[in-house]
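The next block holds one structure in the form of structure tokens; read it before the comments.
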Amino acid sequence: MLDKVRTSLCHHCQAPVSEAERCEALIGGTLHSFCCQGCAGAARLIDTLSLNAFYDYRASCDTSLPASSQRKARAVQDFLPAVAHTPEGVTLHLLIPDLRCVACVWLLEQVLGRQDGVQEVKVNFARRRLQLRFNDSSRLPALVNLIEQLGYSPVPDLPDAGREAGKALRRAQLLRLGVAGLCMMPVMMFALASYLAGPPTAQNPASGMDPLYESLLRWASLALSTPVVFYSAAPFHRGAWQALRHRQLGMDLPVSLAILAAWVLSVYNTLSFGSAVYFDTACMFAFLLLLGRHVELLSREHFEDNADHLLRLLPTTARRRAAGNDAEFATVPMHEIVAGDVLQVLPGETLPADGVLLEGSASISEAAFTGEPLPVLRTAGARVLAGALNHDGTLLVQAASAPQDYRITRLARLQDAAMAYRPRWSLLADRAAGWFIGTVLVLAAGAGVAWHLAGSPDAWVIALTVLVVACPCALSLATPVAITVATTTLRRHGVLIRNGAFLERAAATTTVAFDKTGTLTEAQLQVQSVIPLGERSAEECLALATALERHSEHPIARAFATPTTLVASDVDVVPGGGVSGTIDGHACRLGQSAFACLSEPALTPPDEDGLWILLCGPGPLAWIGLQDTLRPDAAAMLEALRHDGLCTTLYSGDPSPGGLRLAQSLPLDEVRTGMSPAQKIAAVRTEGERGTVMMVGDGINDAGAMAAAACSIAISPRDVLVQNSADATLVTPALLGLPAVLRYARRARRIIRQNLLWSLLYNLSAIPLALAGLLPPWLAAIGMSLSSLLVVFNAGRLRRMEG
Amino acid sequence: MELFLVLIPVTVVLVLLSLWAFVWSTRNEQFDDLDRQAWSILFEDPDQRRKQDTSGTEPRAEDEPR
């Protein structure tokens, strides 16, 4: 029995199916619809291998990442650098950016694992890497082809010193964290025993426990805490020492000193059977700080992976014209390109070099630089950039520089620098802590000397108690723990934070400035109006246009999806002009008026907003107006911001009156259109003198305004996670996430302030008591643990997004 | 209470054993990808499923689609 399933989503890649390209296939007795032949082929292949369970498994996975729409087969030689020859066989390393869920991992493992000669398939889902070991390098093309047939776009994963170092760092940090965690648990359990045993007695100055067991517990704690203090906490000691060598009191110094002081005092008391031990404090402190650092590293790595993708826009090889022979092209690796080389670029390929177009013309999109998805016509003599996509022409490009000087390479380097940058507030906290620890050191030494002069036998213990009690554990945990929890929570809700200062500044935001295209609008053209000029109706004209545009790859073509039975023949796509073809014996042309209308003098478009193209067949038939559309939740989001008392402004680069009208339909406090990037920067600066500005954009062409604003957040366009320069990125397409993020940032700031206040109060009240010798060391240890725990639990309240 | 004299050293030894296990598993990339393994339990290997279907002598109603 045939079940005809008609869904609007592609059965394989789950992208919306456009009527124009829809195709159907019979899979396992059911008729499914697909968005393209590629997807139908993939589903058929999966069916032949009887792996249909993939679709069931996928249904249970969270496929929040969108499918990639652009599929571009790579040449086999591109993959050769990613192949390693080992005694056991040939290993291929691939990055698969569109690995969307664990079901995909399962599918790849099943399919590849069944191929002859494949020895091992390892898929790392978190990092989207595939490692494939097989016996014979001649199988490489077939295996890569198979992965592409399944609908994935594998990219060679080239060995990279930076990433290798990152991997080593992550592993070392995980080891430190694990050692600290595993040792902390029993040490805290041992400590609990002596806390529970009650106050000191005449027999035992530490607690009410039998001295034999007490010292047994202490020796066990000593054994287990030593690796924590000297292995896990080593980065803190190293950081403190390096700061000291540069004559600075860094943030690591109090941490390192507190851990060491707690441990040294405890060892001293264990040996001399003194009053109290603080092994648990040292361990817990090291563990919590390491945990914070690890989470921070993981969230930073997420961005570094994306930074890699920027350079991955570049192809790995190029076709270079041979020196003597103009018609001969040799494939060379990217790094061999030098200034002056003439390179050939075929339609659908990415430009391999910055340079000048020598021959040919084509629509080229430079989305990576301008954020503008619409391709622009470039003709001979124009300057082009590496990383831009050539849509439809065969080009000859003369390289102007070597790859290390490409604009895209410089952009990637700038990004690296931005990532390594430490926010100002963090440096300020360092300086404050340095001052604080300096005071504490003087106080502790002073107390020790004073009590020694006064003849007290406990002078040494009192000095160390001051040091322990004054240790700014809670103070130095207060902010990082809260930020760690907040970063993790936001990431779970689809907000990626790159700059640690983002939360702090977002909480202080008074004005939110928006970019228009791609932020408040979808950045996708739709047919807005049709003005018939001839005898044909608007519907007929749209049908004709759809039949023509079906053959075009140009982004404008996506706006046409009218169901039609008309078929165009003799279709010719002219870059920068339009489409022409024959429908039912009529020669039809669609495009700019000069292109579409051959005989008559060029018509002027109706005096209305938007982009107008003319349909002729052969006489003028209709003007078709295309316009960008507002995101459905833009108005609701602006209302929510206004309800929270924030000022909203729009800085748009679009000079058209239509853009202004579109913006004026929204509840904005201020609208300015037709602004150049420099004007945007100036406007943000002026606004910044009155309050704190948050810039919201797509993060590519408004990078300058984003840098000028106190903080920035990028909203990713509908289906791609683009590279951007913003402090944070909203991954989910729902705009209403933005007011929620701002509310959350304010709540995070409140909790950080509570934490700081509490830990300051604790330190300020405990230090005088310890100086006076009134604080028994066991009470100091409990107080220190409790104050840190309180700070941690308070930060834990941030695990809920709302509240 | 004398039992503690044995139990506490035993605890220390157990912790050292788990430390060794942790270090071993980290060095062997066991923690590199945590998502995939959590899901794998839900995915059957189709080869095994087929084997199960053919090896069973009695008809297994729950495996057959109705």
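Quick notes on this structure:
- Rounded to the nearest 0.05, the FRET efficiency derived from the C-beta distance between A:Val264 and A:Val442 at R0 = 22 Å is 0.70.
- The calculated FRET efficiency for B:Ala21 paired with A:Leu533, based on their beta-carbon distance and R0 = 60 Å, is about 0.15.
- Kirkwood-based Rg to Rh ratio, the range A:76-159, C-alpha trace: 0.92
- Distances between placed amide hydrogens fall under 5 Å for A:Gln119 paired with A:Arg133, A:Phe134, A:Asn135, all partners being 5 or more residues away or on another chain.
- Modelled spin labels at A:Thr201 and A:Leu566, positioned 7 Å past Cα toward Cβ, are 10.0 nm from each other.
- Average beta-carbon neighbours from other chains, 10 Å sphere, peptide B:4-14: 3
- Residues B:Leu14 and A:Ser456, FRET efficiency given R0 of 45 Å [Cβ-Cβ distance, rounded to 0.05]: 0.60
- Translational diffusion coefficient of the range A:523-629 (Stokes-Einstein, Kirkwood radius from Cα pairs, 4 °C, 1.567 mPa s): 96 µm²/s.
- Mean separation of Cα contacts under 8 Å, 6 or more apart, over the residue count of the range A:76-159: relative contact order %: 40
- Built amide H within the under 5 Å cut-off of A:Val376, gap 5+: A:Ile364, A:Ser365, A:Glu366
- Per-residue Karplus couplings for the range A:562-573, computed as 6.51 cos²θ - 1.76 cosθ + 1.60 with θ equal to phi - 60°, are listed in order as 6, x, 8, 9, 5, 10, 9, 10, 6, 7, 10, 9 Hz, Gly and Pro entered as x.
- Cβ charges +1 (Lys, Arg) and -1 (Asp, Glu), total dipole of the range A:317-400, debye: 60
- Peptides ranked, highest mean first, by Cβ atoms within 10 Å: ranges A:636-645, B:12-21, A:581-590: A:581-590, A:636-645, B:12-21
- Spacing of the two label points (7 Å from each Cα toward its C-beta) at A:Lys122 and A:Leu26, in nm: 4.4
Throughout, read-outs are computed from the coordinates displayed, never taken from laboratory work. Values in this document were obtained by computation on a predicted structure and should not be read as measured data. FYI the Cβ positions are ideal-geometry reconstructions off the backbone, even for glycines, and counts take in every protein chain you see.
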